[in-house]
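For reference, the structure is listed below as structure tokens.
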Amino acid sequence: MRRIRVTVSYDGTDYHGWQVQPGLATIQGVLEGALSQIEGKAVHVDGSGRTDAGVHSLAQVAAFTLANPIPLPNLKKAMNRLLPRDIRVMETAEAHESFHPRYDAIAKTYEYRILRAEICPPFDRRFVYHYPYPLDEVRMIEAARLLEGEHDFSAFAAADPVDGLGRSKVRRIFSSCLVRDGVRLIYRVRGSGFLKHMVRNIVGVLLEAGKGNVACSGIEARLEPGCTIPAGPSAPPRGLFLISVEYSDGSCLKPASDCPEG
């Protein structure tokens, strides 16, 4: 049996997120369907994380076990032939038998794109959050930096079925920055891991800061242990991209820098 790692890029617009759900189109479900045709029996696919409905990925990492001896280049071609055009396998690689794309990851990077132009071009509408209204971008940039470090992100997390297990919601954010890039505001965050809807909730709060509804002290208050401020508001999923997943061997290290130029 072979353990194989793949890097997958997808437009998440028409999918109900990563995780398999009965009767719904999901990225995991479509990948498993394609691989099952290649293997001739059911194949389970593990992912590095569960992107939400409507969220996109440039480099989701997934892994699965196959008995089929098909060479990796042919496997990539076969998968892309069977997959819909909004899901593409970009890379394939052999992995050690115990490799898990989620539990072995040491960092992930997400990017959220906000279009500030008066009009959103139709070809951008699926991949940005169009917000042409006034914002204090300087305040937003300052607020984004406050999220760096190790904090309890309970106030930025949506309710999750695993909450009953009492797992810690402390995460380490290595970098958190917001920059202007032409007519776009780009928020990029790199961390050890992320909670359900965490990045979208961060962006939602940053937008509230830009509107003048949340001060920087309000951001800091949300990071205090035991904070009871409700999570949100949550920014729409269409502006969010999983940019990269990193591993201790240096693989899948996609971003040239933590923050985009601007």
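The values are calculated or read from the model by the stated rules, or taken from the named source; none is laboratory data. Owing to the predicted nature of the structure, the values given are computational and were not obtained by experimental measurement. Positions of Cβ are generated from backbone atoms using ideal geometry, with glycine treated the same way; all protein chains shown enter the neighbour counts.
Inside segment 163-208, residues that are farther than 22 Å from Gly17 by Cα, touching a helix residue (DSSP H, G or I) at 6+ places or on another chain (Cβ under 7 Å) and modelled with pLDDT under 95 make up a count of 0. Close contacts from segment 84-95, counting a first residue that is assigned to a strand (DSSP E or B) and a second that is among the charged types (D, E, K, R) and surrounded by 15 or more Cβ atoms within 10 Å (Cβ to Cβ), with Cβ to Cβ under 7 Å and a gap of 6+ residues or different chains, come to Val89/Lys76; Thr92/Lys76; Ala93/Arg5; Glu94/Arg2; Ala95/Arg3; Ala95/Arg5.
Each row is one residue, and each column tells you yes or no for (1) surrounded by 15 or more Cβ atoms within 10 Å (Cβ to Cβ); (2) more than 21 Å from Arg171 (Cβ to Cβ); (3) out of contact with any strand residue (DSSP E or B) (no Cβ under 9 Å at 6 or more places or on another chain); (4) not β-branched (Val, Ile, Thr).
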| site | (1), (2), (3), (4) |
| --- | --- |
| Ala63 | yes, yes, no, yes |
| Ile70 | yes, yes, yes, no |
| Ala78 | yes, yes, yes, yes |
| Glu97 | no, yes, no, yes |
| Ala107 | yes, no, no, yes |
| Tyr112 | yes, no, no, yes |
| Pro122 | no, yes, yes, yes |
| Phe127 | yes, yes, no, yes |
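For the structure I just gave you, tell me whether Glu142 is surrounded by fewer than 18 Cβ atoms within 10 Å (Cβ to Cβ), modelled with pLDDT of 95 or more, more than 19 Å from Leu240 (Cα to Cα) and in contact with a strand residue (DSSP E or B) (Cβ under 6 Å, 6 or more places away or on another chain). When the stated conditions are applied, Glu142 does not pass them.
Taking the criterion of being surrounded by fewer than 22 Cβ atoms within 10 Å (Cβ to Cβ) and either of a type in the set (Val, Ile, Thr) or over 13 Å from Tyr112 (Cβ atoms) (or both), the residues of segment 196-218 that qualify are Lys196, Glu208, Lys211, Gly212, Asn213, Val214, Ala215, Cys216, Ser217, Gly218.
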